[in-house]
Amino acid sequence: MIDEPATQGPRWSFGDRVNRVDESMMIAGELREAIDGERYVVFNPADSLEVGTAPLGTPADARTAVDAAERAGEKWRAVSVKERARLLETAVDAVASECDGLSQLLTAEQGKPLHEARAEVLSFIQRMRVFARIARGNADGHVPLVSAVPSRRSATASDTRPVVGLVAWNYPVGLAAKKVGPNLLAGRAVVLKPALTTPLTTLRLVQLMNHAGLPEGVLNCVTGRGDVIGKALVADSRVGRIHLSGSDQTGTSVARNVRSNFPEMILELAGSDPMVVCADADIAAAATAATVGRFKNAGQACIAVKRLYVDRDIYPEFVARLRDEVSRLEPGDGRIETVPPRIRMGPLHTGAQRERVEAQLFDALESGASLIIGGSRPAKAALCSGYFLDPTVVAHGPTSSRLLTEEVFGPVLPVVKTSGLDDAITKANQSTWDLNASIWTRDQTVIDTARASLKCRSLWVNRLPFGFEPGDKVERTTALSQSH
């Protein structure tokens, strides 16, 4: 008999800020503690208070999880694609039934506002359901939009070796979808390893899916330090695929630690996306998009707008409109709603993350950049114990500024005045990253030029990879893209 999801483990209540959430790892369909019994505390970045605890896994726990996935792989591969899809959809239904609780727990451990957390949980649910529909149309359950190496499909179509999914802290639920759905549907068992600071919602989600009927060992989740349990997972010679969302530094570490079994590696790393606003752009729409694109999740997204290039003919009007939009953002605890027209912006995730962004900002200011808005920590006493930073826009920074040469993972947006399209493209291309870019114009010729000349893998025209307004539902096209 399958237990009802609501009875499994502690449930998070939005109004309950006293009781901690103590979650366990999920290995071979069972709740597990770390082999040595160690646990660690997860803190809320909005107030530095304890949210709960999670097991501090060891290399032995990593091996146990891979053992379980390896045993489950052969049996899971023998299950029909139709049945895999059905079981996955049933598991996702269990997640959907706990959407509110998962959203509240995600806000508590990650810091993002509740409406953003809910949108992230809903995007996980939507993506998984879309993946299931796509997989039903393929004999092997393959979801082609997710594979980074389509030419290897014939070599990996019958591969049952375990998959390791390493999930970053900025979107711990949303980023898990591509690690879980496509691999389970293709008949491969998964071991998830969430970031050290955001394990609780992922653990709860994996428990719900297991209790809803996924075969034991098909979906496992282990927690702990990346340089301990994460390193052990990627170094295990039985692992056939490693799918990471994280920093360039983490990607380098993963590549350094893999063994000679040559697992397929899908690495989704850093970005510094430019946004080019032309003289004929819809200024209101572009300013709103720039605000959401930069400050959603307090700017902590690889596909956030990180560099803004605005034509000189509209620069004064655009900057004034942008300042008005940004002034509506109010830093604060994501569990507490604002009063419209104010919009909640949460804290940075850690103190170290805030200090890094502040150092990048100070570098620009010392180099001659000027503040348009923000630039400091909020003065409210209630926010002093959290990692808050006022939403910030700066202008006139030199091209050598760290704000323009490094990835800025926080709520600071540099605005650069340009003398025309060629100048904007030249400046936008002065970056080591080439993930996404967007251009805002009504001129098809300009769009064609940008498509041919901007250094990026995806060009978005008069829109971004996510909605213009906080809390927008994730569209299907976004759900299947490299979002977050």
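The values are calculated or read from the model by the stated rules, or taken from the named source; none is laboratory data. Small disclaimer: the values here were computed from a predicted structure and weren't measured. In this analysis, Cβ positions are derived from the backbone assuming ideal geometry, glycine residues included, and neighbour counts consider all displayed protein chains. To get the accessible areas, we keep the full protein, side chains included, count just its heavy atoms, and leave off ligands, DNA and RNA. Shrake-Rupley method; radii C 1.70, N 1.55, O 1.52, S 1.80 Å.
Between GLU50 and ALA78, what length in nm is gained on full extension when 0.36 nm per residue of separation is reduced by their alpha carbon distance? Kindly include the intermediate steps, with their values, before the conclusion.
Working: separation 28, 0.36 × 28 = 10.08 nm, distance 4.36 nm.
Contour length minus Cα-Cα distance gives 5.7 nm.
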By average Cβ neighbour count within 10 Å, what is the ranking of 404-414, 426-436 from highest down? 404-414, 426-436
State the extension gain, in nm to one decimal, for the chain segment bounded by CYS384 and GLU317, taking 0.36 nm per residue of separation less the distance between their alpha-carbons. 20.7 nm
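About the Cα centre, and with charges only on the beta carbon of Lys, Arg (+1) and Asp, Glu (-1), how big is the dipole of the chain? Nearest 20 debye, please. Numbers along the way, then the final one.
Working: 57 positive and 57 negative charges, 194 e Å.
Taking the Cα centre of the chain as origin, the dipole is about 940 debye.
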Can you list the aspartates and glutamates whose alpha carbon sits under 19 Å from that of LYS82, skipping same-chain ones fewer than 8 residues off? GLU74, ASP93, ASP140, ASP159, GLU216
Tilt relative to the chain, helix 248-257 - C-alpha long axis, 0 to 90 degrees, to 10: 30 degrees
Value of Rg to Rh for region 315-362 (Rh from inverse mean 1/r over Cα pairs, i.e. Kirkwood): 1.08
Counting only DSSP beta bridges with both residues in the chain, tell me the antiparallel percent, nearest 5. 20 percent
Expressed in nm to one decimal, what extension gain is obtained for the pair PHE262 and LEU365 from 0.36 nm per residue of sequence separation less their Cα-Cα distance? 32.5 nm
Rounding to the nearest 10 and keeping the result within 0 to 90°, find how far the Cα-based axis of helix 176-185 lies from the longest principal axis of the chain. 40 degrees
When the Karplus curve 6.51 cos²θ - 1.76 cosθ + 1.60 is applied with θ = phi - 60°, which whole-Hz ³J(HN,Hα) does each residue of region 298-311 get, with x for Gly and Pro? 6, x, 9, 8, 5, 9, 5, 5, 10, 9, 10, 10, 10, 4
Report Rg/Rh for region 277-335, rounded to two decimals, where Rg is the Cα radius of gyration and Rh the Kirkwood radius. 1.01
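Using 18 Å as the Cα-Cα cut-off, could you pick out the over-long pairs in LYS296/LYS455; LYS306/LYS417; LYS306/LYS455; LYS193/LYS231; LYS306/LYS427; LYS178/LYS296? Walk me through the numbers on the way to the answer.
On the way: LYS296/LYS455 24 Å; LYS306/LYS417 15 Å; LYS306/LYS455 15 Å; LYS193/LYS231 11 Å; LYS306/LYS427 13 Å; LYS178/LYS296 21 Å.
In this structure, LYS296/LYS455; LYS178/LYS296 exceed 18 Å between Cα atoms.
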Could you tell me the distance between the Cα centroids of region 177-219 and region 222-264, to the nearest Å? 17 Å
Amide H of LEU329: which non-local residues (sequence gap of 5 or more, or other chain) have their own amide H closer than 5 Å, using H built in the peptide plane? ILE343
How far is it, in nm, from the label point at ASP36 to the one at THR426 when both lie 7 Å from their Cα along the line to the Cβ? 5.7 nm
Carbon and sulfur: what percent of the chain's accessible surface (1.4 Å probe)? 51 percent
Quote the accessible area belonging to GLU38 in square angstrom, nearest 10, computed with a 1.4 Å probe and with ligands, DNA and RNA left uncounted. 90 Å²
Two decimals is fine: what is log10 I(q)/I(0) at q = 0.11, 0.21 Å⁻¹ for region 216-371, from a Debye sum with one equal scatterer on every Cα and no solvent? -0.66, -1.38
Crossing angle, helix 444-453 versus the chain [Cα axis fit, 0-90 degrees, rounded to tens]: 60 degrees
Ranked by how many other beta carbons lie within 10 Å on average, peptides 52-63, 101-112 from highest: 101-112, 52-63
Solvent-accessible area per residue for region 28-97 at a 1.4 Å probe radius, Å²? 45 Å²
Between [x] 23.2, 77; [y] 22.3, 68; [z] 24.5, 86, the structure-derived Rg and Dmax of the Cα atoms in Å is [y]
Residues of region 416-460 with backbone nitrogen within less than 16 Å of a virtual label 7 Å along the Cα-to-Cβ line of HIS396, please, listed as ranges. 416-418
Can you compute the FRET efficiency between GLU337 and ASP93 using 1/(1 + (r/R0)^6), with r the Cβ-Cβ distance and R0 = 35 Å? Round to the nearest 0.05. 0.80
